[in-house]
Ligand SMILES: Cc1ncc(COP(=O)(O)O)c(C=O)c1O
């Protein structure tokens, strides 16, 4: 089976993780947590990075830092991974779904504007599948209404919008280092920011709300959202190859484009003034129903190829059921993700593409 995703783990990863383990610093204290925070912040062009246990709690930490809770609303895209909305709910607030745009599949700033109310306390643009959201337009809205932007950059490490790295454009940026992400720590996350005040509040809340000067004295209710030193060791090793991992993913996308675009398929967006990263290869299959898309996936599986459907619209999920957004709803039914990971060979991509075209023809 050709997997949808695979981490790239080499000698350096093994060396640093075993150094962390044998040092005895297996929990969150130790040199690697600090080193990874510094390396990742520098990479994103931010002053601070606060490592967390995963990308979900890192978003939740952002909610807590801003005191978002009952009675508040947070605008999120309808087409995204479920955690973007769940953390708003977990904070006791209400996620409000905005549609995405046809050209980049990211949150539509015009729809965001329509959905702002006096209760709106934050906007979470998601850089979906590695393409930056239109942060320029969103910043205009954020400044006008004084609403903070929290970038969900879980899928977009290294992507650029007008030359600026994602995660460093809004008030905060949230990343995931899950095993299928551009760099991984197994599980893991990070919150980036340029604000010293936000960084120190995030650190406090990440560590149970414990005073930094008085041990076991808690000034507010917090969490244990820390990353371990062992995971951070993996992160430090991955940072040494992040640019190469991104370049290899670019190459994979260009080979997929070579085989699939002449056959009429639309692949990952790439708008002017943006430098998207290919977290995962996306293909739209125009003119099909959702059931046909599911059948295409079954045929691919029989041929030894793993694939993923696009995310379901969050507004269509049982716990959120509300008016679904037309562009999000359409894309979610016709989109499919194909295997994407450094090490995937040109011959494999050719095979996947040919089998994909055959499967689509069979199901149309
Ligand atoms: C857009 C988005 N947000 C948040 C997350 C949550 O990250 P994690 O799986 O590390 O909790 C993911 C993870 O896949 C994601 O894709």
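Things worth noting here:
- Among 173, 69, 235: highest mean-square fluctuation, GNM of the chain, C-alpha pairs under 10 Å: 69
- A Gaussian network model of the chain, with springs between Cα atoms under 10 Å, assigns the largest mean-square fluctuation among 80, 213, 56 to 213.
- The long axis of helix 290-302 is offset from the longest Cα principal axis of the chain by roughly 90 degrees.
- Computed from Cα positions, the angle between helix 242-260 and the longest principal axis of the chain comes to roughly 20 degrees.
- Spatial separation of Cα centroids for the stretch 25-85 and the stretch 252-266, in angstrom: 34 Å
- Relative protection proxy for 259-266, 31-38, from highest mean packing down: 31-38, 259-266 (other beta-carbon atoms within 10 angstrom).
- The long axis of helix 229-239 is offset from the longest Cα principal axis of the chain by roughly 50 degrees.
- Relative contact order [Cα under 8 Å, 6+ residues apart], the stretch 242-363, whole percent: 34 percent
- Among beta bridges that DSSP assigns inside the chain, antiparallel share in %, nearest 5: 60 percent
- Dividing the mean sequence gap of close Cα pairs (under 8 Å, 6+ apart) by how many residues the stretch 70-212 holds gives a relative contact order of 16 percent.
- Packing rank of 102-109, 351-358, where each peptide gets the mean count of other beta carbons within 10 Å, highest leading: 102-109, 351-358
- Taking each residue as 0.36 nm, the span from residue 272 to residue 208 lengthens on full extension beyond its C-alpha to C-alpha distance by 18.7 nm.
- Choice from 208, 127, 60 showing the highest fluctuation, given a GNM over the chain with Cα pairs closer than 10 Å: 208
- Computed over the chain, relative contact order equals 22 percent, with contacts defined as Cα pairs under 8 Å that lie 6+ residues apart.
- Distance between the 7 Å Cα→Cβ label points at residue 23 and residue 244: 2.3 nm.
- Label-reachable residues, the stretch 100-129, where backbone N falls under 14 Å from a point 7 Å from residue 286's Cα toward its Cβ: 103
- Pairwise centroid distance, computed over Cα atoms, of the stretch 316-364 with the stretch 124-162, Å: 24 Å
- Each of 234, 253 has some number of other Cβ atoms within 10 Å of its Cβ, and from fewest to most they run 253, 234.
Readers should treat all values here as calculations from the given coordinates under stated rules, not as data from a laboratory. These figures come from a predicted structure and were not determined experimentally. Counting neighbours? That spans all protein chains shown, and the Cβs are built from the backbone with ideal geometry, glycine included.
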